Amino acid sequence: MRNNQALRAVAVLVLAVFFVSSFSGCAQMINAIEHSSMETKVKMTDTIFLDPVKKAKLKTVFVTVTNTSEFQEASAELIKNLIVSRLQAKGYQIVDDPEQAGYMIQANLLYMDYYYNTGATEGAIEGGLIGAGSGALVGQSRDTSIALAILGAMGGSVGGALLGKAIKVEKYGGVVDVQIYEKTDKPVTGKIETSVASGSGTKIQTTQEINNNWQIYRTKVACLAEQTNINKDEAAKVIAEKLASQISGMF
């Protein structure tokens, strides 16, 4: 009698596991189908408003792009060329000498990494990033923290649990630094303050007075590409295009 009850209990447990696994598999399959086409999201931490009067007059731009991330598929040259082509389409002339420019654009792909959907809440952070993303930038600035928070909000639950190796929704997400210089008619005065940690309890603070004809604007851009079984090279191209559109859209 006891053996029969034990067998029934095991059978019920096996059936329960089967149905749960089947339901989970179906949910993952539906999720994979919904993300069969690549989706991209781009958002700035702070909006930059350039002077509309100066934009009408200053039609020369110097552009420099770097990529200090490990995601070299989205090369600095690719991003720069896309920015340049979009600015030229708006009537801007690209110059090689920054002293001859009305605007200077500096952009750096600071951080880019790979993530995948968990398919479960266990071990995941809703609206956040874990693993390499959460600790990627040691001593990060407030703006970088904001950018990573935005990136996490766009990405949803990532990291943690395993999906099937054959089908999974994958993401590439990162942060880009953007700095724009706008030439002014009158000198701009101010100071640059730098604080550097030296050892466990020491900080070195330096101040530099500035007096030049450049108004400086800064922002960060969080970007995300998402697709089922994503292609890294294709994702790099799409991310580069979105970044170029975001940066050139300020002009």
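The values are calculated or read from the model by the stated rules, or taken from the named source; none is laboratory data. Given the structure is predicted, the values throughout are model-derived calculations rather than measurements. Methodologically, a virtual Cβ is constructed for each residue, glycine included, from the backbone with ideal geometry; neighbour enumeration extends over all protein chains shown. In case anyone asks, the SASA skips ligands and DNA or RNA and just uses the protein heavy atoms, side chains included. Shrake-Rupley method; radii C 1.70, N 1.55, O 1.52, S 1.80 Å.
Yes/no matrix, rows are residues, columns are (1) in contact with a Phe, Trp or Tyr (Cβ under 7 Å, 6 or more places away or on another chain); (2) modelled with pLDDT of 65 or more; (3) part of a strand (DSSP E or B):
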{"residue": "85", "(1), (2), (3)": "no, yes, no"}
{"residue": "96", "(1), (2), (3)": "no, yes, no"}
{"residue": "108", "(1), (2), (3)": "no, yes, yes"}
{"residue": "128", "(1), (2), (3)": "no, no, no"}
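The set of residues from the range 77-97 being under 20 Å from residue 67 (Cα atoms) and touching a strand residue (DSSP E or B) at 6+ places or on another chain (Cβ under 7 Å) comprises 79, 80, 83, 84.
If only residues of the range 196-223 that are hydrophobic (A, V, I, L, M, F, W, C) and under 21 Å from residue 75 (Cβ atoms) are counted, the one that is modelled with the highest pLDDT is 221. Within the range 213-236, residues that are under 24 Å from residue 47 (Cα atoms) and outside any helix (DSSP H, G or I) sit with their Cβ atoms under 6 Å from residues that are open to solvent by less than 10 Å² (accessible area, probe 1.4 Å) and of a type in the set (Asp, Glu), at 6+ positions apart or across chains, in these pairs: 215/182.
Could you say which residue among 193, 226 is buried (at least 18 other Cβ atoms within 10 Å of the Cβ) and at pLDDT below 85? Working first, answer last.
Values: 193 fails: buried (at least 18 other Cβ atoms within 10 Å of the Cβ).
After applying the criteria, what remains is 226.
Just to be sure I understand, how many residues within the range 82-119 are open to solvent by 40 Å² or more (accessible area, probe 1.4 Å) and either under 20 Å from residue 220 (Cα atoms) or of a type in the set (A, V, I, L, M, F, W, C) (or both)?
Of the residues in the range 82-119, 7 are open to solvent by 40 Å² or more (accessible area, probe 1.4 Å) and either under 20 Å from residue 220 (Cα atoms) or of a type in the set (A, V, I, L, M, F, W, C) (or both).
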